[in-house]
Amino acid sequence: MEGPFPFRYFRASMPHILAPSLLSADFAELGKAVELIESSGAGWHHIDVMDGVFVPNISFGLPVIKSIRKHAKKPFDVHLMIVRPDQYINAFRDAGADHLTVHYEACSHLHRSIQAIRGAGMKAGVAINPHTRVDLLEDVLADIDIVCLMSVNPGFGGQTFIERTYSRIEALKVLRAKTGSKALIEIDGGVSQENAKRLSETGADVLVAGNSVFGAVDPGVAIQALL
């Protein structure tokens, strides 16, 4: 499942990559959350950036990412839920992003955005909201490294998983084969111990888990249960 440059922490022996979402961590203990991910079997740190415009919520931004980057070796999977993401591509690269995902719905010139991200030396991801058709990515799928299927409406953690996500994974797998794309399929929203196995078996390569990790009594045990 490698694109033009290899993904780190994607082991053939593991059914999927787990990317705990720092949005669900205690912000007062963010450093400890990063350390937990670093010492666990999780592969990536998932970092949601929200502007209060594209989604009705605001989260951390560039200074926080740059600060925690000093304490992490695993890849930073940065998900931009913002308007006009193009103007910040280099800034997120400089802050430490390894993968940068933009929303289909936020990009007027998606192909140009993808090329700019890859040109900056990062993996390029495209996220689509639950109501956005998978086939709309056909013309750019071969250029994408990660497709993030939102399995909840973006903006807040703790939402209920949308069951139609399974059929969207199947549709994306067909489209990926048709276009010759090597993009990883990432699922973001409502991932839990109850659906992680089925998502992986359906074809998800990356599972983003927030509340099911950081809302657990023992987040370390929760991570292990989701692998």
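Could you please find all residues in the stretch 181-192 being out of contact with any strand residue (DSSP E or B) (no Cβ under 7 Å at 6 or more places or on another chain) and closer than 14 Å to Ala19 by Cα?
Of the stretch 181-192, the ones out of contact with any strand residue (DSSP E or B) (no Cβ under 7 Å at 6 or more places or on another chain) are 181-182, 190, 192.
If the condition is that a residue be out of contact with any strand residue (DSSP E or B) (no Cβ under 7 Å at 6 or more places or on another chain) and closer than 14 Å to Ala19 by Cα, then Gly190, Ser192 are the ones that fit.
Mind counting the residues in the stretch 78-89 that are farther than 14 Å from Lys123 by Cα and not in a helix (DSSP H, G or I)?
Step one: of the stretch 78-89, the residues farther than 14 Å from Lys123 by Cα are 81-88.
Those still in the list that are not in a helix (DSSP H, G or I) too: 81-84.
Number satisfying all stated conditions: 4.
So which of Ala42, Ala95, Ala19 ends up being under 25 Å from Gln193 (Cβ atoms), in contact with a Leu (Cβ under 6 Å, 6 or more places away or on another chain), at pLDDT 95 or above and hydrophobic (A, V, I, L, M, F, W, C)?
Ala42
Is it fair to say Ala91 is without any contact (Cβ under 8 Å) to a residue 40 or more places away in the chain and in contact with a helix residue (DSSP H, G or I) (Cβ under 8 Å, 6 or more places away or on another chain)? Judged against the criteria, Ala91 is a match.
Which pairs do you get when a residue that is free of Cβ contacts under 8 Å to residues at least 24 places away in the same chain, found in the stretch 104-129, comes within reach of a residue that is among the β-branched types (Val, Ile, Thr), reach meaning Cβ atoms under 9 angstrom, with the pair 6+ apart or on two chains? Within 9 Å, the pairs are Cys107/Ile114; Cys107/Val126; Gly119/Ile89. Can we say Gly31 is modelled with pLDDT of 95 or more, assigned to a loop (DSSP other than H, G, I, E, B) and surrounded by fewer than 20 Cβ atoms within 10 Å (Cβ to Cβ)? Taking the combined requirement at face value, the residue does not satisfy it.
Kindly indicate whether any position in the stretch 127-147 is under 20 Å from His16 (Cα atoms), modelled with pLDDT of 95 or more and in contact with a Gly (Cβ under 6 Å, 6 or more places away or on another chain). Yes: the stretch 127-147 contains one or more residues that are under 20 Å from His16 (Cα atoms), modelled with pLDDT of 95 or more and in contact with a Gly (Cβ under 6 Å, 6 or more places away or on another chain).
Listed here are the residues, each with its yes/no results for (1) closer than 15 Å to Gly189 by Cβ; (2) of a type in the set (D, E, K, R).
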position	(1), (2)
Asp51	no, yes
Ser67	no, no
Val102	no, no
Gly119	no, no
Met122	no, no
His131	yes, no
Leu141	no, no
Leu149	yes, no
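Report whether or not Gly180 is at pLDDT 95 or above and over 28 Å from Ala120 (Cβ atoms). In short, no. When residues in the stretch 51-77 are screened for being out of contact with any helix residue (DSSP H, G or I) (no Cβ under 6 Å at 6 or more places or on another chain), of a type outside the set (D, E, K, R) and under 16 Å from Gly125 (Cβ atoms), 2 of them pass.
The values are calculated or read from the model by the stated rules, or taken from the named source; none is laboratory data. Computed from a predicted structure; not experimentally measured. Here the Cβ is made from the backbone with ideal geometry for all residues, glycine too, and neighbour counts use every protein chain on show.
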